[in-house]
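Computed from the coordinates by the stated procedures, all read-outs in this text should not be read as laboratory data. Note that the coordinates shown come from a computational prediction; the quantities given were computed from them, not determined experimentally. Positions of Cβ are generated from backbone atoms using ideal geometry, with glycine treated the same way; all protein chains shown enter the neighbour counts.
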Amino acid sequence: MQKFLITGALGQIGSELILALGERYGSQNVIASDVRPANDSAIHGDSTFEILDVTSANQIAEIVAKHRIATIYHLAALLSAVAETRPQDAWNINTNGLYNVLEVSRQYKCSVFTPSSIGAFGLSTPPDLTPQDTIQRPNTMYGVTKVAGELLCDYYYKRFGVDTRGVRFPGIISYKTPPGGGTTDYAVHIYYAALKQKHYTCFLKNGTWLDMMYMPDALKATMDLMEADPARLKHRNAFNITAMSIEPETIATEIRKHIPDFKLDYAIDPVRQSIADSWPNRMDDSAAREEWDWQPAYGLEAMTIDMLKQLSIKLKNVNC
């Protein structure tokens, strides 16, 4: 059985991908890593955990050689809002970190999954049914690093034969792990606030439509793409994928079906609003559907039911 390395494993996606990969391939075959220690062993279960700074190619190479890694799920990155406050760090971690992973993968013949984002687009990109192949002129450091990453992955596949694959993730919504400084974080916070205070103040304005996805679909897409028949893949990297296009009021309306007195108001964060305004309203993910049978399982209604159910249990256990 091949071994898998996850970088950035303590982040929102990574912390759940550890368990998902473990369930599919056996936890003994999953090596989780992050730049900070995992203080709670429940995060990585029975998987091995390693401290790893992806800006050090030597550290990556040591872990890949030590564990005989076949596939790297490279998730280590600064997210959009944080990256705007730390642009130099964002370039170093997001771009140089990916370059190091690709170089080590070239040397050790590893496959690589790395996510891009809706942040890779910009104001000049068609906002509705954004094509798979279109103009990409982002105006944030996060977006710049994601476009650079898409091009790097394509280059390493075409030039060196590294099996690189990836998706453009929309906003990810999860009840298990908190978001880490992204522009779509409100779509997670709103569910917590609905249950705890029956009130939420949103940092994006009413009518800000963005692509979103429930975490189970994000995990499934990640693993399914890496298992896809390479002969079918015309694009390989940066597939558009989405499950729903929503704005704050649509989530609030759905929540009110279960919490009728939930109230939503607004205090706009100009930095995150300007980032959101440069992103698509809805991506066209037909390439992913045609090339590796992408199909989300959750829409807004099903996700809201599960989020409120699971968060109610989580919050009850915390308060016990």
Completion exercise
Protection proxy (average C-beta count within 10 Å per residue), highest first, orders 168-176, 228-236, 103-111 as 168-176, 103-111, 228-236
Practice task
May I ask you to evaluate 6.51 cos²θ - 1.76 cosθ + 1.60, the Karplus curve with θ = phi - 60°, for each residue of region 161-175 and list the ³J(HN,Hα) values in order in whole Hz, giving x for glycine and proline?
Solution key: x, 5, 6, 9, 9, x, 10, 8, 6, x, x, 9, 10, 8, 8
Handout entry: Built amide H within the under 5 Å cut-off of V35, gap 5+
Key = G8, L52
Problem - For region 232-238, 3J(HN,Hα) per residue [Karplus equation, 6.51 cos²θ - 1.76 cosθ + 1.60, θ = phi - 60°, Hz, x = Gly/Pro] - result: 8, 7, 8, 9, 6, 10, 6
Problem - Neighbour-count order for F203, F239, fewest beta carbons within 10 angstrom listed first - result: F203, F239
Handout entry: Amide H partners (placed H, <5 Å) of F169, local residues excluded
Key = S116, S117, I118
Problem - Alpha-carbon radius of gyration plus Dmax, which is the widest Cα pair, for region 158-313 in Å - result: 16.9, 58
Problem - D217, D89 arranged by Cβ crowding within 10 Å, fewest neighbours leading - result: D89, D217
Completion exercise
Projected area averaged over all directions for the convex hull of the alpha carbon atoms of the chain, nm², comes out at 15.5 nm²
Handout entry: Table column - 3J(HN,Hα) (Hz), region 109-126, Karplus curve with 6.51, -1.76, 1.60, x for Gly and Pro
Key = 6, 8, 7, 9, 10, 9, x, 9, 7, 4, x, 6, 9, x, 5, 8, 7, x
Handout entry: Flagged links, alpha-carbon separation over 19 Å, of K146/K176; K257/K314; K109/K158; K263/K314; K3/K66; K220/K309
Key = K146/K176; K257/K314; K263/K314; K220/K309
Practice task
Quote the Stokes-Einstein diffusion coefficient, in whole µm² s⁻¹, for region 45-88, based on the Kirkwood radius over alpha carbon pairs, a temperature of 25 °C and a viscosity of 0.890 mPa s.
Solution key: 195 µm²/s
